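The values are calculated or read from the model by the stated rules, or taken from the named source; none is laboratory data. For clarity, every value in this text was computed on a predicted model and none was experimentally measured. Positions of Cβ are backbone-derived with ideal geometry, glycine not excepted, and every protein chain shown enters the neighbour counts. Surface areas here come from the heavy atoms of the whole protein model, side chains and all, with no ligands, DNA or RNA. Shrake-Rupley method; radii C 1.70, N 1.55, O 1.52, S 1.80 Å.
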Amino acid sequence: MDPDRIPQSFPAPEFRGAQEQALADIRDAFAAGNEVVLVRAPTGSGKSLLARAIAGAAATKEETDPAEATDAYYTTPQVSQLDDVAADPLLDDLNVIRGKSNYTCILNGETDTPVDRAPCVRQSGFDCSVRHRCPYFSDRAIASNRRIAAMTLAYFMQTAGSDVFRQRDVVVIDEAHGLAEWAEMYATVELSPQTVPVWDDISVPDVAADGDPVERTARFAETLGGVAERATDELLRKPELTPEEAARRDRLQELRSELAWFVEDCRDPESPTTWVVDQPDGAGSPITIKPLDPARYLHHTVWDRGNRFALLSATILNKEAFCRGVGLDPSDVALVDVPHTFPVENRPLYDVTCGKMTYDRRDETLPKVARTLVRILAAHPDEKGLVHCHSYAIQSELRRRLAELGLGGRVRAHDREDRDAALESWLATDDPDVFLSVKMEEALDLAGDRCRFQVVCKAPYLNTNDSRVARRLEEGQWAWYRRAALRTVIQACGRVVRAPDDYGATYLADSSLLDLFERTRHDMPSWFRDQVDRLSTPDLPAFEAVATADGSASGPGSIGGTKSGRATSSGSGRTSSTRNGDRSSSGGRSSSGRTRGTADGGSDDSADDRSDHPLSDVWGDG
C-alpha cells in the first residue's frame with residue numbers, strides 16, 4: 001500500500017465538507033504503520049468516495065513481486081449500499097460481484113433459471129457452451145482480475161479460502177459498525193425443518209436435558225453431519241439433478257460445513273468463542289447454535305484476507321470495545337474522526353415523549369404515541385414522513401389506531417414479504433404519505449423531499465430473550481447493551497438529512513430514549529451530542545384542534561393535507577419543515593437482515609424465513 005496515493009485517488013472532481021482533511025488524516029494513519037484504520041464519518045460525508053480513495057492506494061502488480069498481495073476489496077453488509085455503489089458513476093471502477101442466485105442462466109430453455117440452479121450445477125460433467133458469456137462467471141472473472149472487487153460482506157466471508165478471491169493488499173469495509181454482530185449472525189447455525197433437509201430422518205434430542213447443552217449439541221451435530229453426508233453422496237451419484245435436488249444438495253453441503261465448524265470450534269480449548277444453544281420447546285424441536293465474540297471466525301473470513309484494512313462507519317462509538325468485539329488489539333488500530341459539516345439546526349431532535357415503550361408499559365403508552373402522531377402529521381400536512389416502529393406488533397397497532405383517527409389514507413406500511421416494493425412505492429409518490437417502517441434505521445437515503453420528518457417510536461434495545469444478549473447481560477455488559485441501542489438511534493437520525501442544505505426533523509416518542517442519552521453521553525460522537533444538547537419541545541397543533549370527537553380529521557389544520565401551522569421548536573424557534581430539497585436520484589432501500597425482537601422481555605416478530613437472511617444472496621455458491 002502507498003498511503004500517499006490516497007488523496008489523489010479520490011474519484012470526485014472536487015472535495016466536499018471535510019473530505020480533503022479526512023483523506024489526509026487517513027493517509028497519515030496508514031503511513032504511521034497502522035494495519036487497521038477506523039474511519040468514523042457521519043452520515044452524508046461521502047463514505048463511499050472515501051472508501052474508493054483508500055482502495056486506490058493498494059499495491060499494483062507492476063510494483064510488487066508475483067507472490068505478494070495486490071489490489072483491493074470493497075465490501076459492505078448492506079445489499080442496498082452495494083446497489084448504490086453500482087449505480088454511482090463516480091465509482092464505476094468498483095467491479096461488483098453478487099451471489100449466483102442474483103444472475104439468470106442464458107442457455108436456451110433456462111432463461112428463467114437462476115445460475116445457482118442452472119444445468120452447470122445440476123448435471124455432472126456439464127460442459128457449458130456459453131460459460132464465457134454467463135453473467136455470473138463473467139462478473140466474477142472481471143471482479144477477480146480488476147483493481148477493486150466490490151461485494152457484500154456475506155459474499156466476501158463466504159468466499160474465504162477461494163482460489164478466485166484470494167488475499168488482497170487492501171480491504172475496505174463500509175458500514176462496519178456491526179461487524180461483530182454480523183459475524184455472529186453468519187456463524188449462527190439454525191437447525192429446523194426449514195434448514196435441515198434430512199430433518200424427518202433424525203431424532204432431535206432435548207439438548208438441555210442432560211449435562212452440558214453445548215457438548216450434547218456437538219454430539220448431535222456429529223450425528224446429523226453423518227446423515228447429511230450420506231444424503232449428499234446419494235445426490236452426487238446421480239448424473240443429473242432437478243433444480244429442487246440441486247438446492248437440496250447445496251444446502252446439505254452447507255449444513256455439513258456449518259456443523260463441522262461448530263464442533264471443531266466448541267471443542268477447541270484455544271478458541272475465544274463462547275457458544276450458546278437455544279431449544280425452547282425441547283426434544284424434537286428446532287435448535288439454534290449461536291457464537292459469542294466469534295473472533296476466530298472473523299480471522300478466517302476477514303482478517304486473513306488483506307494486508308491493510310479501513311473500516312468506515314458513522315457509529316463506531318467506542319474504539320476499545322469495538323476492537324475487542326472483532327478480535328483486534330486497540331493499540332494496533334488508529335481512529336480517524338471526520339467532523340460533521342451539516343448545520344446542527346438542520347437536523348433537530350424534538351422531545352414528544354409519551355411514556356415508556358417497554359413491553360410491560362406499551363399498552364399504556366402506545367395510544368398516546370398514536371395521538372402524538374396525529375399532531376405531528378398535522379404539523380407536516382404537505383410533507384412525507386417515516387415512523388421507525390421497531391417491531392411489526394407496534395407497526396400494526398399504530399396503523400390500526402391511525403386509521404381509527406381518520407388517517408388511513410395518508411399512512412402506508414409494509415410486511416416481511418413486501419419490504420422493498422412497499423418502500424419503493426412510497427418513495428415514488430409525491431403525496432405527503434407517512435411510512436410505518438420496521439428495521440429500516442440503516443442504509444436508507446431519504447434526501448430532500450423524500451422525507452422531511454421521522455418519528456422514533458421506541459428505544460431500540462436488543463431483545464433480552466436472545467440467548468446471546470442474555471448471556472452478556474448476565475456478565476454485566478450493560479454498556480455494550482446501551483451502545484447497541486444508541487448506535488441504532490444515531491443511524492436512524494441520519495436517514496433524513498443527507499446534505500449540508502438538507503433539512504429534516506426527528507421526533508422522539510419513547511421516554512426511554514432520554515434515559516439512553518443520559519447513560520451513553522460519553523459514547524456519543526461530538527456531532528450527535530450537539531444534537532442531543534439542542535433537544536427541544538416542539539409547538540405542535542393541539543390534538544383537539546385537528547380531530548373531531550369521533551376521531552376523524554377535520555377543520556383547519558386538517559391532517560389529511562390542508563395546510564396548517566408548522567411545528568416550531570420552543571428551543572430554536574425554527575420551523576420543523578421549511579425547505580424544498582432536490583429529490584435524490586438513487587433509490588433508498590431497506591437493509592436486508594433478520595428482524596430482531598423487542599427488548600425488556602418482549603419478543604415481537606423474531607421469526608423470519610431464509611429469504612430474509614443476509615446470506616440469501618450467496619446460498620449454494622462455491
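Results, tabulated for the structure shown:
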| quantity | calculated |
| --- | --- |
| Residue identified as in a helix (DSSP H, G or I) and open to solvent by less than 50 Å² (accessible area, probe 1.4 Å) among Glu234, Glu245 | Glu245 |
| Restricting region 248-287 to residues that are of a type in the set (A, V, I, L, M) and outside any loop (DSSP other than H, G, I, E, B), the residue that is most open to solvent (accessible area, probe 1.4 Å) | Ala260 |
| Any hit, region 500-523, residues being of a type in the set (Lys, Arg), assigned to a loop (DSSP other than H, G, I, E, B), open to solvent by 30 Å² or more (accessible area, probe 1.4 Å) and touching a residue at least 24 places away in the same chain (Cβ under 8 Å) | no |
| So Asp510, is it at pLDDT 90 or above, under 25 Å from the mean Cα position of the chain (by Cα) and closer than 16 Å to Thr372 by Cα | yes |
| Output for region 468-479, where each listed residue is at negative phi and surrounded by fewer than 19 Cβ atoms within 10 Å (Cβ to Cβ) | Ala470, Arg471, Leu473, Glu474, Glu475, Gln477, Trp478, Ala479 |
| Qualifying residue in region 33-51 (condition: in contact with a Phe, Trp or Tyr (Cβ under 7 Å, 6 or more places away or on another chain) and assigned to a helix (DSSP H, G or I)) | yes |
| Of all residues making up region 525-561, the number that are touching a Phe, Trp or Tyr at 6+ places or on another chain (Cβ under 9 Å), buried (at least 16 other Cβ atoms within 10 Å of the Cβ) and either among the polar types (S, T, N, Q) or modelled with pLDDT under 90 (or both) | 1 |
| Complete set of residues in region 383-402 that are open to solvent by 10 Å² or more (accessible area, probe 1.4 Å), out of contact with any strand residue (DSSP E or B) (no Cβ under 6 Å at 6 or more places or on another chain) and over 21 Å from Asp445 (Cβ atoms) | Tyr392, Ala393, Ser396, Glu397, Arg400, Arg401 |
| For Lys356: the one exception among (1) closer than 24 Å to Tyr503 by Cβ; (2) part of a loop (DSSP other than H, G, I, E, B) | (1) |
| Scope region 152-202; condition assigned to a helix (DSSP H, G or I), among the aliphatic types (A, V, I, L, M) and open to solvent by 20 Å² or more (accessible area, probe 1.4 Å); matching residues | Met185 |
| Residue match in region 89-105 (condition: over 30 Å from Leu179 (Cα atoms), open to solvent by 10 Å² or more (accessible area, probe 1.4 Å) and of a type outside the set (Lys, Arg)) | yes |
| Residues of region 419-455 satisfying the condition of being over 22 Å from the mean Cα position of the chain (by Cα), at negative phi and surrounded by fewer than 24 Cβ atoms within 10 Å (Cβ to Cβ) | Ala428, Thr429, Asp430, Asp431, Pro432, Asp433, Asp449 |
| Test set (1) surrounded by fewer than 23 Cβ atoms within 10 Å (Cβ to Cβ); (2) within 23 Å of Met185 (Cβ to Cβ) - Arg371 fails condition number | (2) |
| Test: residue in region 335-342 that is open to solvent by 40 Å² or more (accessible area, probe 1.4 Å) and more than 26 Å from the chain's Cα centre (by Cα) | no |
| Filter pass, Thr64 being surrounded by fewer than 19 Cβ atoms within 10 Å (Cβ to Cβ), among the polar types (S, T, N, Q) and out of contact with any Gly (no Cβ under 8 Å at 6 or more places or on another chain) | yes |
| Residue in region 486-496 that is open to solvent by 10 Å² or more (accessible area, probe 1.4 Å), in contact with a Pro (Cβ under 7 Å, 6 or more places away or on another chain) and under 12 Å from Pro460 (Cα atoms) present | yes |
| Scope region 440-461; condition of a type in the set (Lys, Arg) and under 16 Å from Arg412 (Cβ atoms); matching residues | Arg450, Arg452 |
| Residue ID - farthest from the chain's Cα centre (by Cα), chosen from residues in region 72-105 that are free of Cβ contacts under 8 Å to residues at least 60 places away in the same chain and under 21 Å from Glu245 (Cα atoms) | Cys105 |
| Residues (over 12 Å from Arg308 (Cβ atoms), part of a loop (DSSP other than H, G, I, E, B) and in contact with a helix residue (DSSP H, G or I) (Cβ under 6 Å, 6 or more places away or on another chain)) located in region 1-19 | Ser9, Phe10, Pro11, Ala12 |
| Residue within region 20-32 that is open to solvent by less than 30 Å² (accessible area, probe 1.4 Å), assigned to a loop (DSSP other than H, G, I, E, B) and touching a helix residue (DSSP H, G or I) at 6+ places or on another chain (Cβ under 7 Å) present | no |
| Region 33-51, residues that are open to solvent by less than 40 Å² (accessible area, probe 1.4 Å) and more than 26 Å from Gln491 (Cα to Cα) | Asn34 |
| Single residue of Glu442, Glu474 found to be free of Cβ contacts under 8 Å to residues at least 12 places away in the same chain and either farther than 17 Å from Gln491 by Cβ or out of contact with any Cys (no Cβ under 9 Å at 6 or more places or on another chain) (or both) | Glu474 |
